[in-house]
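Below is one structure, written out as structure tokens, with a few remarks after it.
The values are calculated or read from the model by the stated rules, or taken from the named source; none is laboratory data. None of these values were measured; they are calculated from a predicted model. Here the Cβ positions follow ideal geometry from the backbone for every residue, glycine too, while neighbour counts run over all protein chains shown.
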Ligand SMILES: *Cc1c(COP(=O)(O)O)cnc(C)c1O
């Protein structure tokens, strides 16, 4: 919905590209799970800038780190050694399958790095004909020219010229189509362990095991897009660590800097072998300031006790949402997801639900399949979980049809 400028006001947003459908609301400051709007209202933030501010706003340790490193050194370029980068790469490798890391600034860029790494691996292995990447319908991998081709969504491709070649988009969960598409030109399979944008759709551990198995059989690599699922969001440092099936390459971004732009592409030693000097680069990627902040974020979130607590608290939210869905079946039909990556499928248009939630002081995100995405900070307290549920209950109550007898169905028109 387009928000018209308030009457009599000069709409200063006229100078921005009109790409975003923005709510007519801005924020002045944030603390923990709360954002204060310029309307003076305190909002409970179950959006977290789309799964970004996992530690909440103004986290004291992250703020200290920003000030500490910010007073020392921000940027030098990858023409020099960057000890902060080496330290974060070491930490990420200690905690994951990976042996090598390349740092970027955004999710789409980290996916591009992942795709380039997979194709280069095949190239230096003497199989340059293997360049095709298999992806799943409903996927979201970013908005660059290559990542919109990887996602395959017509809406995002239209009008931007010929799609970047080399991507095969397979119907979600269709293994016959998947096996048929895997061939001697397949470099890698790229997938989100849980699809975020398309409505919190999860591939089962068995599905992922089958995909891993097929990749191994045909010599293709497996890439996990954990841009949204990673950095503690599902109650594990990375979602794959729950299933125990590791990828060859993994992209992380959203939660990594708690709002400071930073992303990473992780790879095994063997897989990264093609990324030799001069093959890839980034001006800002891996700068000391981003590295120092992301290092603190990972230190806090990779702690097993912290993750255990995320799983415990998020189970409380999940159970509360299931109760809501049972009580307000006219509005909410199904609870999906894991950890604090949750979806509430709606029986009424999700746009109505997100607006009603905002009117009740709760921020959330729209996803596909008419799903309301709930992405609270990982530090959400039990009291804040209950507060969020109370606000959603008000939404359920306000949107429940009280006019059953006079509804369209009641009049027999449908
Ligand atoms: C957000 C997202 C991206 C793109 O990240 P940007 O930082 O916006 O480029 C890629 N993949 C997934 C799964 C995402 O959720």
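Checked against (1) within 16 Å of the ligand (Cβ to nearest atom); (2) free of Cβ contacts under 8 Å to residues at least 60 places away in the same chain, residue 132 passes all but condition (1). A residue that is within 16 Å of the ligand (Cβ to nearest atom) and either within 22 Å of residue 234 (Cβ to Cβ) or out of contact with any helix residue (DSSP H, G or I) (no Cβ under 6 Å at 6 or more places or on another chain) (or both) occurs nowhere in the stretch 267-281.
Residue count for the stretch 311-353 under the criterion of being crowded, with 22+ Cβ neighbours inside 10 Å and assigned to a helix (DSSP H, G or I): the result is 5. When residue 75 is tested against (1) under 21 Å from residue 231 (Cβ atoms); (2) exposed (fewer than 13 other Cβ atoms within 10 Å of the Cβ); (3) touching a residue at least 40 places away in the same chain (Cβ under 8 Å), exactly one condition is not met: (1). Within the stretch 143-159, is there a residue that is more than 16 Å from the ligand (Cβ to nearest atom) and surrounded by 17 or more Cβ atoms within 10 Å (Cβ to Cβ)? No, every residue in the stretch 143-159 fails to be more than 16 Å from the ligand (Cβ to nearest atom) and surrounded by 17 or more Cβ atoms within 10 Å (Cβ to Cβ).
Look through 158, 226 and report the one residue that is modelled with pLDDT of 95 or more and closer than 16 Å to residue 338 by Cβ. Don't jump to the end; show me each part of the working.
Working: 158 fails: closer than 16 Å to residue 338 by Cβ.
Unique residue meeting the criteria: 226.
Every residue, every condition in (1) within 25 Å of the chain's Cα centre (by Cα); (2) crowded, with 20+ Cβ neighbours inside 10 Å; (3) modelled with pLDDT of 95 or more, yes or no:
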{"site": "37", "(1), (2), (3)": "yes, no, yes"}
{"site": "40", "(1), (2), (3)": "no, no, yes"}
{"site": "44", "(1), (2), (3)": "yes, yes, yes"}
{"site": "60", "(1), (2), (3)": "yes, no, yes"}
{"site": "64", "(1), (2), (3)": "no, no, yes"}
{"site": "81", "(1), (2), (3)": "no, no, yes"}
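All conditions but one from (1) within 16 Å of the ligand (Cβ to nearest atom); (2) in the same structural domain as residue 54 (by TED's automatic domain parsing) apply to residue 323; the one that does not is (1). Of the residues contained in the stretch 109-126, one or more are found to be more than 16 Å from the ligand (Cβ to nearest atom) and assigned to a loop (DSSP other than H, G, I, E, B).
Scanning the stretch 79-103 for residues that are within 21 Å of residue 270 (Cβ to Cβ) and either outside any helix (DSSP H, G or I) or in contact with a strand residue (DSSP E or B) (Cβ under 6 Å, 6 or more places away or on another chain) (or both) yields 89, 92, 96, 97, 98, 99, 100, 101, 102, 103.
Suppose we keep only residues that are within 16 Å of the ligand (Cβ to nearest atom) and at pLDDT below 95 within the stretch 202-223. Which one would you say is farthest from residue 336 (Cα to Cα)?
Narrowing the stretch 202-223 to residues within 16 Å of the ligand (Cβ to nearest atom): 202-203, 208, 222-223.
Now restrict to residues that are at pLDDT below 95: 202-203, 208.
On the way: 202: 9, 203: 12, 208: 18 Å.
The selected residue is 208.
Restricted to the stretch 210-267, the set of strands (runs of 3 or more DSSP E) holding at least 1 residues that are more than 30 Å from residue 66 (Cβ to Cβ) and in the same structural domain as residue 282 (by TED's automatic domain parsing) comprises 221-225. In the stretch 163-172 there is no residue matching the filter, namely being within 12 Å of the ligand (Cβ to nearest atom) and surrounded by fewer than 24 Cβ atoms within 10 Å (Cβ to Cβ).
Residue 329 meets all of the listed conditions (1) under 26 Å from residue 235 (Cβ atoms); (2) not assigned by TED's automatic domain parsing to the domain that holds residue 120 but one, namely (1).
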